[in-house]
Structure formats: C-alpha cells, structure tokens
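Working notes, structure below.
The values are calculated or read from the model by the stated rules, or taken from the named source; none is laboratory data. Because the structure is a prediction, the values reported are computed rather than measured. Note that we place each Cβ from the backbone using ideal geometry, even for glycine, and neighbour counts take in every protein chain shown. Areas reflect the complete protein model, heavy atoms only, side chains present, ligands, DNA and RNA absent. Shrake-Rupley method; radii C 1.70, N 1.55, O 1.52, S 1.80 Å.
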Amino acid sequence: MSLVVQKYGGTSVGDADRIRNVARRVIAAKEAGNDVVVVVSAMGDATDDLIKLAHQITDSPNAREMDVLLSTGEMVSSTLLTMALENMGYKTISLSGAQAGIQTDSNYSHARIQSINPSRIVAEIKNGNIVIVAGFQGITKNNDITTLGRGGSDTTAVALAASLGASVCERYTDVEGIFTADPRVVPNASKLKEISYDEMLELATYGSKVMHPRAVEIGQIYNVPILVASSFNDRPGTLIHGGLMEIQNKVTAITQDMDVAKITIVGVPDTPGIAASIFEPLAKTGISVDTIVQNASIQNITDLTFTVTKGDAGKALQMVRPIAEKVGARECVADTKLAKVSIIGSGMQNTPGYAATMFSTLFAAGINIQLITTSEIRITVIITDDKANEASKALHKAFALEK
Ligand code: ADP
Ligand code: ASP
Ligand code: MG
C-alpha cells in the first residue's frame, strides 16, 4: 500500500462546508488504496485573529504563550476534519504536532524541526486510521509547544512526507499551482507544469507565500517531490522536484515581497569593525537583516544601507542610532515603504542580458530602483512599494510569461 501525505491550507478549510469538501478529497485518496496522512492549516484568518487578540491584551506578548495560543488554530481545523471524516464513516484520528512526534528547537515563533519520531503516526495507520496532523507546530525536548513561522504547515507536511517515506507530498491550496507570478497581482500569469527546488526556494524566500521556504529546503534535502494543486478542482498542478527539467532558457517567474524597510546610516567613517558593531546587536535581538549595501567610500566616509521587515524597522532604528552616533556617523534614516521585486530562473545562469532587460523595463515604466541584489538565478530590485504591482506586471510582460 502506498502512503500519501496531503496538506490543506487555511482557505481550503475556511468553513464547515470546505472542511467537508476536504474530507471528501481525503476519502478519495483512501479509496484509491492509499494510507493517508493529512496536515492542515488553521481555518481562514484564524492565526491572524489570534495574533490580533493577543495584541489587544498586551503590546509584547510572551513568546512561549504566543506559540501555545497560535498552535490552537491548527488544533481546531484538525479536530473538525476528523469529525467530518468520522461522520462520513471513516476511521480517523487527529494528532497535535507534539503527538505526531515533531520535535523542534526552542526558537518560539520560528522554531525549526530537529527530528521526527513517526511511531505514533505509523501505529495509527496500522490501526486503519486516516491520520490528521495539526500543522505549523512542534514541541521542544522540554515539552514546550512551538510554532514553525508563518506558513509553516507546508513544512510540517513535507517533513512528515520525508520521515514517513512518502513518494510525494501533495499540497492543496486556493490556486491551481505555482504561477509565473502571483495571479492576484498579475491576472494573466500562467501555471507552470514543473519547477526546480532551487527556483522555488528563491521564489518562496523572495515573497511568494505559496510555499514556506523551509518546506522547499526539506523537500530538496530529502528528495521529496511536492505537488502544488487546487483543493477546489482536479486540474493538474505544479510539481516541485529535482529531476530533469525541460530546458527553458528564460526567466521562470516574477515574485514580489511587500514587507521591506530600509535603514541607511549616512556618513560612516570607513574603519574596520564598524559593520560588526552595527549588525551584532541587531542579530542578538533576533532582527533579521537582509540586503546589506555599503557604498564605495569617499575620503574614508561611506553610507551603509540594510533592509529589514517593516515590523522590525522601528526597533532596528532605535538600536542603530546610538551606535551610529558613537562611531561618528552623520545621521540614520529609515524608509518603511519599500518592496522587493525579483525575476527568477535557472536559465539566467551564465546568460547575459536579463539584468539589462529588467532595468530598462523598469526605467520605461518610470520606476526608480533603489537597491539591487542578485544570486546566480535571481535579480532583485528594491523599489517603493506603491510601484511593486506595476513593476511585476511590466516585467511579466517584458519576459513574455503570460498565458
Ligand atoms: P494556503 O493557505 O493554502 O497555505 P497561501 O495563502 O499561503 O495558501 O498561499 C497561496 C497564495 O499564494 C495564493 O492565493 C496566491 O495569491 C499566492 N501566490 C504568490 N505567488 C504565487 C505564485 N507564483 N503562484 C501561485 N500563487 C502565488
Ligand atoms: N496558520 C499558520 C499561518 O497562518 C500556518 C500555516 O497556515 O501554514 O501562518
Ligand atoms: Mg500558506
């Protein structure tokens, strides 16, 4: 008998009817002769609502308590799905992350899975149960509940698929697969038949919420193909895998990340140790710094710019200001209205011209580029966030990605 791991996202389990719809799809997989393990996200906006509620109580919720609170969202959907399946006459059991044997480190709100002991899941499958696992959560070795970061149910699913030796992880959502851009931003985006782990990882890391980056990483490490498809119809989705790809000498997709702020320290004396003195304290408070750019120095004075999330900008500025003053910098300024827009494609490797097309397209659209970063298969520009949608559309067209 083969084993299937399915994951259903928040919209797919958004209300009672949708939970019944998911139950029918799970049953179809079971009736096709599979053992089935299902991972679910919290219903609809449940996680956002819990976060809002906590902030109505306090400005700085305790990290441990916050993770316990957020883990309840997935407990609700997993138990309800179990009830729906039982009601339709199937043997089933729900398991929390802890019961499913998912052990993590103790970094609350962004814990990483350290190990999985699948013995309980395996035993429940042997008992004939369809196993429903609450996504997005685990437990530390000291028995404290943790969560895996926003979108983390994807990671639960791929990690379980790897640990149980499933041949594929099916990830069902509210779009029909991975598109050449977010279809909400670029309506004529086209669905990809397949995409490599490398490209998907860049897409996920640079703003495509459709997959949690860590899930892609785990899929790549353990060689678990991930099928992304709709939970509302049976059209073919997109396979994320590491096998041979059709050769495509072009850009594969465009992605944007609206959550970008920039901090610039102006007029920094260019002496050794300055960067360390600025970035060490930020790292210690858990502020993750992304793009870092230091201008060429003129007469030993330089500007240092880095990006953080919009939510971290205030705190980062507060921390950096006194340090900047101490090292004799002229001033410290923040811009919290930025976005990243990226073009991604393995075909760009060693092929000239992509950057030129990208920049001239943005120039023609009257969009000013503030910063540029690249990897072997990605070029990212940082621009003002009110221009991000326009930039994505223009680039999508320039690289001929439409249907
Ligand atoms: P789920 O609740 O199923 O985890 P998410 O909302 O996290 O679903 O992810 C699905 C959403 O990702 C889609 O509704 C779509 O707007 C967005 N998205 C962003 N980029 C892409 C892309 N390249 N292809 C498909 N969807 C994308
Ligand atoms: N419910 C969590 C979130 O909204 C995890 C997930 O949906 O994957 O981020
Ligand atoms: Mg998601």
At 10 °C and 1.306 mPa s, the Stokes-Einstein diffusion coefficient in µm²/s for the stretch 41-113, with hydrodynamic radius from the Kirkwood sum on alpha carbon pairs, is 115
Excluding ligands, DNA and RNA, the carbon-plus-sulfur percentage of the accessible area of the stretch 159-267 with a 1.4 Å probe reads 52
Taking the chain as a Gaussian network, where each spring joins two C-alpha atoms under 10 Å apart, which residue of Asn295, Asn223, Asn117 fluctuates the most?
-> Asn295
In order through the stretch 196-206: 3J(HN,Hα) via Karplus (6.51 cos²θ - 1.76 cosθ + 1.60), integer Hz, x for Gly, Pro = 7, 4, 4, 5, 5, 5, 5, 4, 5, 5, 9
Within the chain, the percent of DSSP beta bridges that are antiparallel, given to the nearest 5, stands at 60
Please identify every one of the trypsin sites (Lys or Arg not before Pro) in the stretch 290-381 that sits in a loop by DSSP and has no more than 16 other beta carbons within 10 Å of its own beta carbon.
-> Arg330
Acute angle (nearest 10 degrees) that the helix 213-222 long axis makes with the longest principal axis of the chain, alpha-carbon atoms = 60
For the stretch 91-215, calculate the relative contact order in percent as a whole number, restricting contacts to Cα pairs under 8 Å that are 6 or more residues apart.
-> 22
Portion, in percent, of the accessible area of the stretch 19-65 that falls on carbon or sulfur, probe 1.4 Å = 49
Positive-pole candidate from Ala324, Ile379, Gly353, dipole of the stretch 279-389, charges at beta carbon | Ala324
D (µm²/s, integer) via Stokes-Einstein for the stretch 286-403, Kirkwood Rh across alpha-carbon pairs, 37 °C, 0.692 mPa s: value 203
Computed magnitude of the charge dipole of the chain (debye, nearest 20; Cβ of K, R +1, Cβ of D, E -1) = 340
Scan around Val260 for amide H atoms under 5 Å from its own, H built in the peptide plane at 1.01 Å from N, and keep only partners 5 or more places away or cross-chain.
-> Lys310, Leu338
HN-Hα J couplings of the stretch 15-30 from phi, Karplus 6.51/-1.76/1.60, θ = phi - 60°, integer Hz, Gly and Pro as x?
-> 8, 4, 4, 5, 5, 5, 4, 4, 4, 5, 5, 5, 4, 4, 5, 5
Evaluated at 37 °C and 0.692 mPa s, the Stokes-Einstein D of the chain based on the Kirkwood radius over Cα pairs, in µm²/s, stands at 145
Can you run phi through the Karplus equation (6.51, -1.76, 1.60; θ = phi - 60°) for the stretch 382-388 and list ³J(HN,Hα) in whole Hz, with x for Gly and Pro?
-> 9, 9, 6, 5, 6, 9, 5
Please give the per residue accessible area of the stretch 169-209, computed with a probe of 1.4 Å over protein heavy atoms only, in Å².
-> 40
Entries in Lys52/Lys387; Lys315/Lys387; Lys209/Lys310; Lys91/Lys141; Lys193/Lys340; Lys52/Lys340 that, when Cα-Cα distance is taken, lie over 23 Å | Lys52/Lys387; Lys315/Lys387; Lys91/Lys141; Lys193/Lys340; Lys52/Lys340
Taking the Cα atoms of the stretch 159-232, report the difference between the largest and smallest coordinate on each principal axis, in whole Å and largest first.
-> 37, 27, 17
Counting only protein heavy atoms and rolling a 1.4 Å probe, one gets per residue an accessible area for the stretch 36-151 in Å² of 47
Long-range amide H contacts for Gly135: which residues qualify at under 5 Å (H placed 1.01 Å from N, peptide plane, sequence gap of 5 or more or a different chain)?
-> Val40
Correct response: the longest run of the chain lacking exposed GluC sites (Glu not before Pro), defined by DSSP loop and at most 13 other Cβ within 10 Å, is 1-245
Heavy-atom accessible area per residue - the stretch 247-403, 1.4 Å, Å² = 50
With N residues in the stretch 21-156, what two-decimal value do you get for its Cα radius of gyration over 2.2 N^0.38 Å?
-> 1.08
Using only Cα atoms, find the angle between the long axis of helix 46-57 and the longest principal axis of the chain, and express it within 0 to 90 degrees, rounded to the nearest 10.
-> 60
Anyone know which of Ile254, Ile383, Ile57 comes out most mobile in the 10 Å Cα GNM of the chain?
-> Ile57
When the Cα atoms of the stretch 341-384 are enclosed in a convex hull and the volume is divided per residue, what value in Å³ results?
-> 59
Going by a ≥ b ≥ c, the root eigenvalues of the Cα gyration tensor, does the stretch 116-186 fall in the rounded group (a/c under 1.5), the prolate group (a/b larger than b/c) or the oblate group?
-> oblate
Centroid-to-centroid separation of the stretch 287-344 and the stretch 141-160 [C-alpha atoms, Å] = 31
So which trypsin sites (Lys or Arg not before Pro) in the stretch 123-209 pass both tests, a DSSP loop state and at most 16 other Cβ atoms within 10 Å of the Cβ?
-> Lys141, Arg150, Arg184, Lys193, Lys209
Amide hydrogen neighbours beyond the local backbone of Asp303, cut-off 5 Å, H modeled = Gly267, Val268, Asn295
Cα centroid separation - the stretch 24-103 against the stretch 213-265, whole Å = 24
